[in-house]
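A.B. asks: One structure, as structure tokens, below. Some questions next.
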Amino acid sequence: MSELQGSQRPYHERALQHPHPVAKRLFQVAELKKSNLVISADFTDSKSLLTCADRLGPYIAVFKTHIDLIADFSDETVTGLKQLAKKHNFLIFEDRKLVDIGHTVQKQYHGGALRLSEWADLVNLSILSGDGIVEALDQTFTAADFPYRGQRALLLLAEMTTRGSRAVGAYTEQCVKLAPAYPDSVIGFVATRALTTPTPTGAGDFVVLSTGINMAAKGDALGQQYQTPQSAIARGADFIIAGRGIYAAADPVAAAIAYRDAGWGAYEKRIQRGDGS
Ligand code: 6AU
């Protein structure tokens with residue numbers, strides 16, 4: 001796959017054209033809040049998680065969780081997250097990286113200890129186990145008795161940011177091939193760059209969320225590799241995901257504002273190029 005640039009169409013246009021309600025919401029929220037920032041809130045207790053959502057909520061489009069890190073996960077965690085999502089108008093993305101056989105992931109997604117379907121607008125999955133995992137989750141999404149029909153969406157983990165990642169080549173290509181077959185559930189990719197060529201009519205518009213974003217560091221001691229917000233957006237990210245760069249900063253609110261402004265500025269530059277200016 002060649003290095004593709006991202007969509008040069010503005011979010012408000014993509015919101016109008018996109019057939020999936022969750023993708024529409026993503027673009028609408030981004031446009032309204034002038035933010036394409038996703039905070040990766042990798043906390044280990046509910047209080048820190050909810051405090052982060054409340055403090056950074058005004059500056060983000062999406063709040064990303066690793067809910068299995070939360071030692072005291074309970075009803076209050078879920079209720080609190082939902083309330084804050086409403087208060088600050090952000091979507092919730094559970095970074096669960098589902099990977100198992102179809103029968104198992106259906107149960108991990110809907111019900112179980114973490115009750116992902118109840119509160120996560122977005123969840124990601126790997127197709128390491130083959131296409132059946134997407135089929136299984138799509139079946140759950142489109143079942144007549146699924147209570148969140150049209151309110152939930154999937155992201156395929158098409159690439160990873162870590163050194164030596166095996167999510168490359170044929171694996172990534174299969175994600176790209178598979179995505180259009182599940183229009184009721186799959187709305188995009190977690191990837192380091194655009195993976196598809198956007199069309200002027202908006203057909204086949206897949207949202208790209210790029211992680212491994214940091215304005216100060218190049219990586220960590222455990223294989224993480226970073227790029228800047230500007231580089232990610234130029235390579236095709238529609239949304240930038242940042243964790244430690246924001247929540248571990250001396251002033252997380254100031255950091256969130258800086259990342260938001262960098263991401264938004266890069267997006268504006270990209271759509272201006274599309275207008276030929
Ligand atoms: O900014 P950081 O390095 O503190 O956090 C990055 C976050 C972590 C990872 O679990 C996640 O992004 N992540 C993912 C996701 C979002 O799926 C994929 C990947 O390839 N690399 C990565 O860091 O919560």
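The values are calculated or read from the model by the stated rules, or taken from the named source; none is laboratory data. Since the model is a prediction, treat every value here as computed from it, not as a measurement. So basically every Cβ, Gly included, is an ideal-geometry build from the backbone, and we count neighbours across all protein chains shown. Areas reflect the complete protein model, heavy atoms only, side chains present, ligands, DNA and RNA absent. Shrake-Rupley method; radii C 1.70, N 1.55, O 1.52, S 1.80 Å.
A.B. asks: Which of (1) away from the ligand (no atom under 16 Å from the Cβ); (2) out of contact with any strand residue (DSSP E or B) (no Cβ under 8 Å at 6 or more places or on another chain) does TYR182 not meet, given it meets every other one?
C.D. replies: For TYR182, the exception is condition (2).
A.B. asks: So which residues in segment 200-226 are of a type outside the set (Phe, Trp, Tyr), in contact with a Gly (Cβ under 9 Å, 6 or more places away or on another chain), under 24 Å from GLU94 (Cβ atoms) and open to solvent by 30 Å² or more (accessible area, probe 1.4 Å), if there are any at all?
C.D. replies: Just the residues of segment 200-226 that are of a type outside the set (Phe, Trp, Tyr), to begin with: 200-205, 207-225.
Filter once more, so that each one left must be in contact with a Gly (Cβ under 9 Å, 6 or more places away or on another chain): 205, 207-217, 219, 223-225.
Right, trim to under 24 Å from GLU94 (Cβ atoms) and you get 205, 207-214, 223-225.
Listed by number, the residues that qualify are THR211, GLN224, GLN225.
A.B. asks: For the structure I just gave you, tell me whether GLY245 is within 16 Å of the ligand (Cβ to nearest atom), within 14 Å of LEU155 (Cβ to Cβ) and either touching a strand residue (DSSP E or B) at 6+ places or on another chain (Cβ under 8 Å) or of a type in the set (A, V, I, L, M) (or both).
C.D. replies: no
A.B. asks: When segment 116-146 is examined, which residues are found to be outside any helix (DSSP H, G or I), surrounded by fewer than 22 Cβ atoms within 10 Å (Cβ to Cβ) and of a type in the set (Gly, Ala, Ser)?
C.D. replies: The answer is SER126, SER129, GLY130, ALA143, ALA144.
A.B. asks: Could you tell me whether any residue of segment 156-169 is loosely packed, with under 14 Cβ neighbours inside 10 Å, away from the ligand (no atom under 16 Å from the Cβ) and either modelled with pLDDT under 95 or assigned to a loop (DSSP other than H, G, I, E, B) (or both)? Step through it out loud before you land on a result.
C.D. replies: Initially, segment 156-169 is screened for residues loosely packed, with under 14 Cβ neighbours inside 10 Å, giving 163-164, 166, 168-169.
From what is left, the residues that are away from the ligand (no atom under 16 Å from the Cβ) are none.
Within segment 156-169, none of the residues are loosely packed, with under 14 Cβ neighbours inside 10 Å, away from the ligand (no atom under 16 Å from the Cβ) and either modelled with pLDDT under 95 or assigned to a loop (DSSP other than H, G, I, E, B) (or both).
A.B. asks: How about segment 236-276: which of its residues are over 25 Å from ASP220 (Cα atoms), open to solvent by 10 Å² or more (accessible area, probe 1.4 Å) and not in a loop (DSSP other than H, G, I, E, B)?
C.D. replies: Listed by number, the residues that qualify are TRP264, GLY265, GLU268, LYS269, ILE271, GLN272, ARG273, GLY274.
A.B. asks: Can you name the helices (runs of 4 or more DSSP H) wholly within segment 1-65 that have at least 1 residues being in contact with a helix residue (DSSP H, G or I) (Cβ under 7 Å, 6 or more places away or on another chain) and within 16 Å of PHE93 (Cα to Cα)? First the steps, then the outcome.
C.D. replies: On the way: elements: 11-17, 21-33, 46-56.
Those helices (runs of 4 or more DSSP H) span 21-33, 46-56.
A.B. asks: Can you confirm whether ALA158 is without any contact (Cβ under 8 Å) to a residue 40 or more places away in the chain, among the aliphatic types (A, V, I, L, M), in contact with a strand residue (DSSP E or B) (Cβ under 8 Å, 6 or more places away or on another chain) and closer than 25 Å to ALA242 by Cβ?
C.D. replies: Yes.
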